[in-house]
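Notes follow once the structure below has been shown.
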Amino acid sequence: MRKHAVVLGLAFLGLAAFAVFAGWAFFAASEIGGGWAELGPIWPYVVGGVAVVAALAGFLMWLAFYSANHGYDDRMDEDRW
């Protein structure tokens with residue numbers, strides 16, 4: 001039981017450290033150059049990239065479930081080993 005507490009404690013500390021770093025990075029990035037105002041022109045590209053990745057992921061998931069539901073993933077014969 002002690003082993004699990006150590007692992008969970010280390011995982012929590014790692015996540016807390018990452019959260020602190022992410023907060024610092026977000027704050028520091030708002031003061032570099034023109035701040036968040038200069039990011040306006042790239043938002044359409046970010047949104048487009050997210051939409052394309054989401055569509056591709058959705059299509060691949062649909063394809064996996066389609067093949068599984070129609071028997072394309074079933075074995076044709078038994079293993080002979």
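Some notes on this structure:
- Förster-model FRET efficiency, 22 Å R0, Ile32 and Ala54, C-beta, rounded to 0.05: 0.15
- Calculated accessible area for the chain comes out at 95 Å² per residue, all protein chains present (probe 1.4 Å; ligands, DNA, RNA ignored).
- Each label was represented as a point 7 Å from its Cα along the Cα-to-Cβ direction; for Val7 and Trp62 these points are 3.9 nm apart.
The values are calculated or read from the model by the stated rules, or taken from the named source; none is laboratory data. None of these values were measured; they are calculated from a predicted model. Heads up, the Cβs are rebuilt from the backbone with ideal geometry, glycines too, and the neighbour counts pull from every protein chain shown. Heavy atoms of the whole protein, side chains included, go into the accessibility calculation; ligands, DNA and RNA do not. Shrake-Rupley method; radii C 1.70, N 1.55, O 1.52, S 1.80 Å.
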